[in-house]
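Input: a single structure, listed below in structure tokens.
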Amino acid sequence: MPAIAAENAVTVQNLLAAYEGESNAHAKYTAFAAKADEDGLHGAASLFRAAARAEQIHAGNHARAIKQLGGETQCEIHAVEVKSTLENLKAALGGETYEIETMYPGFLAEAAPRKNTAANRTFTYALEAEKTHARLYSEAIALLEAGKTDSWIGAARNFYVCPVCGYTSETPEEHDRCPVCNLLWEKFEVIR
Ligand SMILES: [Fe+2]
Ligand SMILES: [Fe+2]
């Protein structure tokens, strides 16, 4: 195991925090998906499952960057507090918003001058993918608050997740390639 270079110590600490955050988000969204299915909100359940898959991809990317910098992955998975699906959607949106506005921009600002490609790339991929989650969660919250359970939140549906960066879309083909990492759209995973 190579030692962590002193100049990368903070980057590795941040990668570990992000790894823990993404791993817990995966656990949380998986539990929220089960609750949404119970509530008959099968489309919201599909969204939670797609986002859970994306967070798993982020955790894997962070783990690779940690290893590359000589660190070791470790994290604690906390018990998930499951409430109503509306509250769960709001909790999910809160987590995404924190990552988009605070966590990843801060981690990127710290890592960028180090020119560590793996760290910069994995933080950028996660930041961009979380924006797609925040948009979809906001849409689901608005529909549920308006009582529109006959909309997409009510019936199981496909979401499309980039297996490289976690970019998540509700349309089968938005572009030829992933707008974040350039992967061919045909390689996207279909999550329902
Ligand atoms: Fe996310
Ligand atoms: Fe991608």
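The values are calculated or read from the model by the stated rules, or taken from the named source; none is laboratory data. Computed from a prediction, not measured in an experiment: that's the story for all the values here. For neighbour counting, all protein chains shown are included, and Cβ atoms are generated from backbone atoms with ideal geometry for every residue, glycine included.
For every residue, the table says whether it meets (1) aliphatic (A, V, I, L, M); (2) modelled with pLDDT under 95; (3) within 16 Å of ligand 1 (Cβ to nearest atom).
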residue: Gly106; (1), (2), (3): no, no, no
residue: Ala134; (1), (2), (3): yes, no, yes
residue: Leu143; (1), (2), (3): yes, no, no
residue: Thr171; (1), (2), (3): no, yes, no
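What are the residue pairs meeting all of these: first residue in the range 69-83, first residue touching a residue at least 12 places away in the same chain (Cβ under 8 Å), second residue in a loop (DSSP other than H, G, I, E, B) and surrounded by 14 or more Cβ atoms within 10 Å (Cβ to Cβ), Cβ atoms under 9 Å, and 6 or more apart or on different chains? Note: pairs meeting the criteria are Leu69/Ile4; Leu69/Asn116; Gly70/Ile4; Gly71/Ile4.
Restrict the check to the range 170-186 and report whether at least one residue is in contact with a helix residue (DSSP H, G or I) (Cβ under 9 Å, 6 or more places away or on another chain), free of Cβ contacts under 8 Å to residues at least 24 places away in the same chain, within 16 Å of ligand 2 (Cβ to nearest atom) and closer than 20 Å to Gly60 by Cβ. Yes - at least one qualifying residue is present in the range 170-186.
Residue-by-condition table, conditions (1) in contact with a His (Cβ under 9 Å, 6 or more places away or on another chain); (2) of a type in the set (D, E, K, R); (3) closer than 30 Å to Trp152 by Cβ:
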{"site": "His62", "(1), (2), (3)": "no, no, no"}
{"site": "Glu76", "(1), (2), (3)": "no, yes, no"}
{"site": "Glu101", "(1), (2), (3)": "no, yes, yes"}
{"site": "Tyr104", "(1), (2), (3)": "no, no, yes"}
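Specify the residue that is farthest from ligand 2 (Cβ to nearest atom); the eligible residues are those in the range 110-126 that are surrounded by fewer than 19 Cβ atoms within 10 Å (Cβ to Cβ) and farther than 10 Å from Thr11 by Cα. Result: Pro113. Taking (1) free of Cβ contacts under 8 Å to residues at least 24 places away in the same chain; (2) assigned to a helix (DSSP H, G or I); (3) more than 16 Å from ligand 2 (Cβ to nearest atom) in turn, Tyr137 satisfies each apart from (1).
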